[in-house]
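Only one structure is covered here, and it is reproduced in the block below.
The values are calculated or read from the model by the stated rules, or taken from the named source; none is laboratory data. Only a predicted model underlies this, so the values are computations on that prediction, with no experimental measurement involved. Methodologically, a virtual Cβ is constructed for each residue, glycine included, from the backbone with ideal geometry; neighbour enumeration extends over all protein chains shown. For accessibility, only protein heavy atoms count, side chains too; no ligands or nucleic acids. Shrake-Rupley method; radii C 1.70, N 1.55, O 1.52, S 1.80 Å.
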Amino acid sequence: FQDSFAQNESDERALIKVKNGISISKDSLFLLNLRFRMQNRFGFTTASGEDLEIDQVDFRVRRLRLRLDGYVLNPRIQYYIQLGFSKSDLDLESGGYAQPIRDAIVYYYFNPNFYVGFGQSKLPGNRERVVSSGNLQFADRSIANGFFTLDRDFGFFGYYTYQTNGQSQFQLKGSISTGEGRNPSVGDKGLSYTGRIEYLPFGKFKNNGDYSEGDLEFEELPKLSVGMTYNWNENSHRTRGQLGSLLYEGRDMNVFIADAMFKYSGWGVMAEFFKRGSNDPITMNDKGDIKVVFIGIGTNLQL
Amino acid sequence: FQDSFAQNESDERALIKVKNGISISKDSLFLLNLRFRMQNRFGFTTASGEDLEIDQVDFRVRRLRLRLDGYVLNPRIQYYIQLGFSKSDLDLESGGYAQPIRDAIVYYYFNPNFYVGFGQSKLPGNRERVVSSGNLQFADRSIANGFFTLDRDFGFFGYYTYQTNGQSQFQLKGSISTGEGRNPSVGDKGLSYTGRIEYLPFGKFKNNGDYSEGDLEFEELPKLSVGMTYNWNENSHRTRGQLGSLLYEGRDMNVFIADAMFKYSGWGVMAEFFKRGSNDPITMNDKGDIKVVFIGIGTNLQL
Amino acid sequence: FQDSFAQNESDERALIKVKNGISISKDSLFLLNLRFRMQNRFGFTTASGEDLEIDQVDFRVRRLRLRLDGYVLNPRIQYYIQLGFSKSDLDLESGGYAQPIRDAIVYYYFNPNFYVGFGQSKLPGNRERVVSSGNLQFADRSIANGFFTLDRDFGFFGYYTYQTNGQSQFQLKGSISTGEGRNPSVGDKGLSYTGRIEYLPFGKFKNNGDYSEGDLEFEELPKLSVGMTYNWNENSHRTRGQLGSLLYEGRDMNVFIADAMFKYSGWGVMAEFFKRGSNDPITMNDKGDIKVVFIGIGTNLQL
């Protein structure tokens, strides 16, 4: 249901050329792309390896997204809005109320290698999270991603690409955000600080392939991207930082992520390492109930 | 507010030719239709036939729908998405959380007489339910429909039309679905099986008139469609199968529906008969509270 | 992020000419404009004037709106739909469930000076409320507006402009509505009646400037609009009429508003006066808890 020859979507910038969906422009004053994505699911688990009786059926609309992006007044001023309408998109299972907004951000491009954003979008965290769900190899992300990812947050974002004289390049990404995740209420003063550096020793991947899974582009020469993220989240109120149920008290947390993507002639390998820490992960209420920050270590390997 | 000369919408397939709304296509690679429907209501009931003082006022946005349909890659691969935003569309009154998705389904057409679908849509149940709300004769469906209809569900759907050598035709419709209604959570193993057969002894109605109310097309010759549906819903958790409040325990239920539509020179008659059964309709919790499957018989006649 | 040279949006009619957004028409049978508005916010308050440590951070998607308007069949039959998706748009903070519909109304134009509407829209209340959020001088409306505004309601609306032989004109606006605010449930019999008169002694403002803040149009001659609104809300169930938390019992309320807008050569001044009354503002439940209608007086001055 997805045109796999289309340009890879990235959740880190607006898309200016699209091959599917409605696209309307007027000179270089205005551009609006309108697209949607639907993902229906049928899955089941058997009771055990020997007993093949069906135990549980997962049968539902998994993702239904409406995406608007483009620019206004000037191609330097880009925007990106994504709404989600399925039950899991609305974050009802954890959140308690419907939250249709996934992304809502404006970017300003100083030049193609340097742009800044203001709004709600994915933090520059682990690679698998930033890969758009349309470019995943499997229908869902890994379990480690679920526990440790930085997810989306509201704040200021900056992206800078430094091209060396040779073919290698560095990408620097940073964010100052609320640290309370999607659609926070009017917040407290503890913000979240995220920095990420990526090193691509053999140059750019074809068609942003460092942020898609599998090597659909068939790289003729080996391509590698190595990334490291550090996030410091002051006075966060959720068990997994930007995600999870509410803690009884705010806590400072930190997350370290290292990841790599390697692609060569149709093969793609992605590896990720995660570590979340907190100086005092246990919170307690008056009755003695306990809620704990999800600290620990995780890995994710995909080929 | 509805263009009554437009092609009748059916909730059983995507619409490829529309006369209203935005329609965008590119060769035969891609088609997107975007439409919406708004229905505002003003109604009141008097205290009694003698006392004409107004007792209750029903004054609200009854339906507000956004509909996207078309095809991708190939006219054989069609999709149909419908979102609803009004308070009653969101199913808040019974459900407890907002559920904007009404339909989200992909169809594959083997040929014009045989197509299959995967996703969320209306089950091939009683005729009145499948008639799109834009083609109803009255603003609301009947009370019997409310009690017995199969409504929407998530699953696999199949539609086949068998044309005899004469003018008569048979339509076979079937579905295997979750049995838990719109936007279910990750479910249990009890599925729902639906089969329906329709017989049109005098051939096709003009402009799909077997699924619209009233005879706006003015049939010159009498047209008749007779249908029967049987639904078996294993381990369902709601009092009306796909609808209603939660039972204390899952129950098996079955629904039998027979219906007919007759149209001739401006006249339309529709009749429906319903029967829901369950081997053990009463569920009880630890405290002795009781929740009951809505079993029984109903009819609906409209001219 | 807003094109300030575009035609001023009014929340009191559909927009037929738009300079931004998608606009699709077919002869004069059909017109659909599709636009959206995004407003992201970063704000903070310091602990006190001397202690500049940051106390609270307001950092979020403040408004995210999708707007559809145009006409069907005939340019006299216009519609206007506005959906809101941000957390504050959904009215979750006060309401308890998501309410994406802001406006959903159909208008019939007898002539350019006389039109009627049926649906949900802003009541003809105080001037600042009716100014679209894209035409505000500050990002938020005043505190007095928050306490006394009539906000949105569902019902019948009428608008009439009387042009005198001189340059002055009168505008008459009226509404009969549910009195229970956005997306009411099936209601009781107490309706709400609103009447408003505006007097423009020096004629029309450029580009509907009587309903935008600031004088971006640079009026060469002084322009003035003086308005008065009276609203009578029978058996209302919320503390601020169409807004606020639920009262324990219905109460009759009345609101009187007087306002004025003056613009001249780049300067704009707006003043508003409010008074809400109720014969019996205190409601009590069985346990003796109290909920009070927000009665009192307020003013708002802006230059």
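List of remarks:
- Of note, C:Lys275 satisfies the criterion of being among the basic types (Lys, Arg), part of a strand (DSSP E or B) and either within 19 Å of the chain's Cα centre (by Cα) or closer than 23 Å to C:Ala139 by Cα (or both).
- Taking the criterion of being at pLDDT 85 or above and over 14 Å from C:Val255 (Cα atoms), the residues of region C:290-303 that qualify are C:Ile290, C:Lys291, C:Val292, C:Asn300, C:Leu301.
- Some residue of region B:63-76 being on the phi > 0 side of the Ramachandran plot, buried (at least 21 other Cβ atoms within 10 Å of the Cβ) and at pLDDT 80 or above: yes
- Of all residues making up region C:219-258, the number that are buried (at least 22 other Cβ atoms within 10 Å of the Cβ), modelled with pLDDT of 90 or more and within 18 Å of the chain's Cα centre (by Cα): 7
- For region C:68-90, the tally of residues that are more than 14 Å from chain A (Cβ to nearest Cβ) and of a type in the set (Gly, Ala, Ser) stands at 1.
- Check on C:Phe114, open to solvent by 50 Å² or more (accessible area, probe 1.4 Å) and either closer than 22 Å to C:Tyr199 by Cα or free of Cβ contacts under 8 Å to residues at least 24 places away in the same chain (or both): yes
- Qualifying residue in region C:147-164 (condition: within 14 Å of chain B (Cβ to nearest Cβ), open to solvent by less than 10 Å² (accessible area, probe 1.4 Å) and under 18 Å from C:Arg276 (Cα atoms)): yes
- Matching entry among C:Gly181, C:Gly119, C:Gly134 (being within 13 Å of the chain's Cα centre (by Cα), on the phi > 0 side of the Ramachandran plot and either surrounded by 16 or more Cβ atoms within 10 Å (Cβ to Cβ) or modelled with pLDDT of 90 or more (or both)): C:Gly181
- Residue within region B:241-254 that is in contact (Cβ under 8 Å) with a residue 24 or more places away in the chain, under 25 Å from A:Val61 (Cα atoms) and within 14 Å of chain A (Cβ to nearest Cβ) present: yes
- None of B:Met261, B:Met284 is open to solvent by 60 Å² or more (accessible area, probe 1.4 Å) and not charged (D, E, K, R) except B:Met284.
- Test: residue in region C:191-211 that is within 14 Å of another protein chain (Cβ to nearest Cβ) and either part of a loop (DSSP other than H, G, I, E, B) or open to solvent by less than 50 Å² (accessible area, probe 1.4 Å) (or both): yes
- Meets criteria (within 29 Å of C:Ser225 (Cβ to Cβ), at pLDDT 90 or above and within 9 Å of another protein chain (Cβ to nearest Cβ)) for C:Phe110: no
- C:Tyr80, sole failed condition from (1) touching a Leu at 6+ places or on another chain (Cβ under 6 Å); (2) hydroxyl-bearing (Ser, Thr, Tyr); (3) open to solvent by less than 10 Å² (accessible area, probe 1.4 Å): (1)
- Residues that are hydroxyl-bearing (Ser, Thr, Tyr) and touching a strand residue (DSSP E or B) at 6+ places or on another chain (Cβ under 9 Å), drawn from region A:249-272: A:Tyr264
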